[in-house]
Protein chains: 2
Amino acid sequence: MSQGVIELETSLGYLLKETSSALRTAMEAVLRPLGMTMTHYSCLELLAQRPGLSNSELARGAFVTRQSMNVLLQTLEREGDVTRPAEARVGKVLPTQLTPAGRRRLEEASAAVRSVEVRMLRDLAPEEQTAARSILRSMIANLRAHEEA
Amino acid sequence: MSQGVIELETSLGYLLKETSSALRTAMEAVLRPLGMTMTHYSCLELLAQRPGLSNSELARGAFVTRQSMNVLLQTLEREGDVTRPAEARVGKVLPTQLTPAGRRRLEEASAAVRSVEVRMLRDLAPEEQTAARSILRSMIANLRAHEEA
DNA sequence: CACCGTATGTCAGACTACTGACATGAGTCA
DNA sequence: TGACTCATGTCAGTAGTCTGACATACGGTG
């Protein structure tokens, strides 16, 4: 089975890609009217839940490189959604904070994102959602297990 | 629950994004030595299973726009992995075919991709994999349900 | 037949994220 | 103290994908 040809219809890798593609499309569709991208939103959401996160920490949380997050933060800073100190108090880490304006923009976006997530899970029983979490966490752990080798 | 603040740790949307990020990273890591990208591979795999697919059909199967697939096909054609007729026999559709060289490249890549998928599912019992397929298909259907509205 | 909606292939420009590279600061250890 | 390792912030260049736009071809319907 796992040795044979990959069957697209049943391959979990393919199905996972299809799901994330559909999710991404749906998210972008509701965020576009707000002038936001998915990474954009992820960054603000992370800052709301854990104020003072640094550039690198935000990058890890949003699953992009710290270089990508850096240019995003520069944009967000220019638009007045976040603030960063000009100089680091310790080391090179620049803790980022949400501005009131940024918090307002986040609330709009958060409602939109939430509606997509609710729609995605409409048909799923609570037990199925629990199972899904468990399965996805297992996949993540397995995928990352090989990295340190 | 679904009304409150999104908890990153338990949000299935976030978990899904994390999983696809990990999968993508792992895939790119094994494909890079072969000089291939994920979409690259998807295209060849689709052509192996369903020869004669058109540009637009390949794009849908690989979850990119037909514009993106078009530039990829031009590259693949230049490198001698696929062939397309210069003119359409009917309509504008140009059926694409894998060359022997493309088939060889695909076999290398396929083995690499398969190994990642096997690793990802290492800890998952067959029933869990079946459940995962069912859950992901449900998510996809729900996400797409709203598009035609 | 003419018309309209849909699908396709393609070109061009813009955007996003990535890799590579560098300098700087913190922590560890001999 | 000095050397080494690691993490961070940032700049620059590159690659992949996207949106916008256009011409063309098919299919149905008036």
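The values are calculated or read from the model by the stated rules, or taken from the named source; none is laboratory data. In this text, all values refer to a predicted model and were calculated from it rather than measured experimentally. We place every Cβ from the backbone using ideal geometry, glycine too, and count neighbours over all the protein chains shown. Each accessible area value is taken on the protein alone, full model and side chains, heavy atoms only, with ligands, DNA and RNA left out. Shrake-Rupley method; radii C 1.70, N 1.55, O 1.52, S 1.80 Å.
Which number in (1) open to solvent by 20 Å² or more (accessible area, probe 1.4 Å); (2) over 22 Å from A:Ser11 (Cβ atoms) marks the one condition that B:Leu34 misses?
(2)
Considering only residues that are away from DNA strand C (no atom under 12 Å from the Cβ) and touching a residue at least 40 places away in the same chain (Cβ under 8 Å), look in the range A:38-54 and name the one that is most open to solvent (accessible area, probe 1.4 Å).
Filtering first and then ranking leaves A:Pro51.
Answer yes or no as to whether B:Ala112 is touching a Pro at 6+ places or on another chain (Cβ under 9 Å), within 14 Å of chain A (Cβ to nearest Cβ) and of a type outside the set (Lys, Arg).
Spelling it out, B:Ala112 is indeed touching a Pro at 6+ places or on another chain (Cβ under 9 Å), within 14 Å of chain A (Cβ to nearest Cβ) and of a type outside the set (Lys, Arg).
Considering only the range B:59-81, I want to know if a residue exists there that is more than 15 Å from DNA strand D (Cβ to nearest atom) and either touching a His at 6+ places or on another chain (Cβ under 9 Å) or assigned to a helix (DSSP H, G or I) (or both).
no
Could you tell me which residue of the range B:85-99 is surrounded by the most Cβ atoms within 10 Å (Cβ to Cβ), considering only residues that are in contact (Cβ under 8 Å) with a residue 24 or more places away in the chain and in a loop (DSSP other than H, G, I, E, B)?
Step by step, filter the range B:85-99, then rank; the result is B:Thr96.
Collect the residues in the range B:112-132 that are part of a helix (DSSP H, G or I) and open to solvent by less than 50 Å² (accessible area, probe 1.4 Å), keeping them in residue-number order.
Passing the criteria: B:Ala112, B:Val113, B:Val116, B:Glu117, B:Arg119, B:Met120, B:Gln129, B:Ala131, B:Ala132.
Determine whether the range A:21-44 contains at least one residue that is more than 30 Å from B:Glu107 (Cα to Cα) and among the acidic types (Asp, Glu).
Yes: one or more hits.
Of all the residues that make up the range B:133-147, how many are outside any helix (DSSP H, G or I) and either touching a Gly at 6+ places or on another chain (Cβ under 9 Å) or facing another protein chain (nearest Cβ under 7 Å) (or both)?
Of the residues in the range B:133-147, 1 are outside any helix (DSSP H, G or I) and either touching a Gly at 6+ places or on another chain (Cβ under 9 Å) or facing another protein chain (nearest Cβ under 7 Å) (or both).
Collect the residues in the range B:61-83 that are within 12 Å of DNA strand C (Cβ to nearest atom), in contact with a helix residue (DSSP H, G or I) (Cβ under 7 Å, 6 or more places away or on another chain), open to solvent by 10 Å² or more (accessible area, probe 1.4 Å) and away from chain A (no Cβ under 14 Å), keeping them in residue-number order.
B:Arg66, B:Asn70, B:Leu72
Without any contact (Cβ under 8 Å) to a residue 40 or more places away in the chain and more than 30 Å from B:Asp123 (Cβ to Cβ): is that true of A:Glu79 in this structure?
yes
Could you tell me which of the residues A:Ala88, A:Ala112 is of a type in the set (A, V, I, L, M) and farther than 28 Å from B:Ala22 by Cβ?
A:Ala88
Any residue in the range A:3-16 that is assigned to a helix (DSSP H, G or I) and polar (S, T, N, Q)?
no
Can you tell me which of (1) within 13 Å of DNA strand C (Cβ to nearest atom); (2) within 23 Å of A:Val116 (Cβ to Cβ) is the one B:Leu16 doesn't meet?
For B:Leu16, the exception is condition (1).
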